[in-house]
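Participant: Sharing a structure below in structure tokens format, with a few things to ask.
The values are calculated or read from the model by the stated rules, or taken from the named source; none is laboratory data. Remember, it's a predicted structure, so these values are computed and weren't measured experimentally. Virtual Cβ from ideal backbone geometry, glycine too; neighbours counted across all protein chains shown. These area figures cover heavy atoms from the full protein model, side chains too; ligands, DNA and RNA do not enter into them. Shrake-Rupley method; radii C 1.70, N 1.55, O 1.52, S 1.80 Å.
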Amino acid sequence: MKIIQIPLLRDNYGYLVVCEKTKRAAIVDPSEAEPVLRRIEEEKVMPVAILNTHHHRDHTGGNEGLLAVHKLKVYGHKSDEGRVFGMTDGVDEGAMIEIGELKGKVFFIPGHTTGHVAYLFDNNLFCGDTLFTAGCGRLFEGTPEQMQSSLTKLMALADNTKVYCGHEYTESNLRFAMTVEGRNPKLAARFERVQGLRARGTSTVPSTMEEEKLTNPFLRWDSKEIQASVKAANPASRTDPVAIFAAVRKMKDSF
Ligand SMILES: [Zn+2]
Ligand SMILES: [Zn+2]
């Protein structure tokens, strides 16, 4: 399997997931069509499907332009019928997708939107705007309970799972993380490394699930330091996982 990252719009990432045996490819979250079409030609692959993680325009804006050129299946959560352009295959938790000889598994992970899904091919996770490198998506349509439960589901994946998210937000996410868990040495080291990569214009995506569990403040409701940061901002806050997650999300919203 080959994964090709395509920078799109200002800070989005789309991806080609290529079955190297058959040269068939899936297009994950095409924000726009042109750069994706160019890359498909350069790589000499045969696109067979679009995998949309959710309905937001910066993840589906290229569907129409791609469908004008290629015959493609379009996958998205079944509840996003009418919100994802050209959707042919509404899927839900546990569905399997075949791209050439590759097999992908669908995870239903609402919170950022009510119809958000992730796609897992081997240990490569395409998680859109739910789990970001060092962050998580805003709660536009879902509740903190939903998002915390979706993130918990993703945390059950193997530590070596590669996290391919929808945006290059790592540096600003880490800047926030340092304000709630600045004494975490692994976090400080990641922040320094990421600042160096961004100064050279290098992508910081993918990360690994292990790295996220160790340094992503939205997965660290068990951290004493994060619990203390939440308590300092709001002494009345509870310390159960959902309450800590919700409080950290709120702090990030106004960061
Ligand atoms: Zn989104
Ligand atoms: Zn997005």
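Participant: Look through the stretch 124-159, keep the residues that are part of a loop (DSSP other than H, G, I, E, B) and open to solvent by less than 40 Å² (accessible area, probe 1.4 Å), and return whichever of them is nearest to ligand 1 (Cβ to nearest atom). Spell out how you get there, then give the answer.
Facilitator: Of the residues in the stretch 124-159, the ones part of a loop (DSSP other than H, G, I, E, B) are 129-130, 133-134, 137-143, 156-159.
Narrowing the set further to residues that are open to solvent by less than 40 Å² (accessible area, probe 1.4 Å) leaves 129-130, 133-134, 137, 142, 157.
Details: Asp129: 4, Thr130: 9, Thr133: 15, Ala134: 17, Gly137: 6, Gly142: 11, Leu157: 21 Å.
Selected residue: Asp129.
Participant: Say we look at the stretch 3-29 and pick out the residues that are more than 13 Å from ligand 1 (Cβ to nearest atom) and among the polar types (S, T, N, Q); which of these is surrounded by the fewest Cβ atoms within 10 Å (Cβ to Cβ)?
Facilitator: Once the filter is applied, the top-ranked residue is Thr22.
Participant: Right, another one. With the structure loaded, tell me whether Gly14 is in contact with an Asp or Glu (Cβ under 9 Å, 6 or more places away or on another chain) and closer than 29 Å to Thr170 by Cβ or whether it fails that test.
Facilitator: Spelling it out, Gly14 is indeed in contact with an Asp or Glu (Cβ under 9 Å, 6 or more places away or on another chain) and closer than 29 Å to Thr170 by Cβ.
Participant: Something else about it: Could you pull out the residue among Val84, Val106 that is touching a helix residue (DSSP H, G or I) at 6+ places or on another chain (Cβ under 8 Å) and touching a residue at least 12 places away in the same chain (Cβ under 8 Å)?
Facilitator: Details: Val106 fails: touching a helix residue (DSSP H, G or I) at 6+ places or on another chain (Cβ under 8 Å).
Being touching a helix residue (DSSP H, G or I) at 6+ places or on another chain (Cβ under 8 Å) and touching a residue at least 12 places away in the same chain (Cβ under 8 Å) holds for just one of Val84, Val106, which is Val84.
Participant: Taking only pairs six or more apart or across chains, which ones have beta-carbon atoms under 9 Å, a first residue in the stretch 33-59 that is open to solvent by 40 Å² or more (accessible area, probe 1.4 Å) and at pLDDT 95 or above, and a second residue that is of a type in the set (Ser, Thr, Tyr) and more than 16 Å from ligand 2 (Cβ to nearest atom)?
Facilitator: What qualifies is Met46/Thr22.
Participant: Specify which of the listed residues (Gly100, Gly94, Gly111) is of a type outside the set (Ser, Thr, Tyr), at positive phi and touching a helix residue (DSSP H, G or I) at 6+ places or on another chain (Cβ under 6 Å).
Facilitator: Gly111
Participant: Lys73 - would you say it is in contact with a strand residue (DSSP E or B) (Cβ under 9 Å, 6 or more places away or on another chain), free of Cβ contacts under 8 Å to residues at least 60 places away in the same chain and away from ligand 2 (no atom under 16 Å from the Cβ)? Before the answer, list the steps.
Facilitator: On the way: in contact with a strand residue (DSSP E or B) (Cβ under 9 Å, 6 or more places away or on another chain): yes; free of Cβ contacts under 8 Å to residues at least 60 places away in the same chain: yes; away from ligand 2 (no atom under 16 Å from the Cβ): yes.
So Lys73 fits the description; yes.
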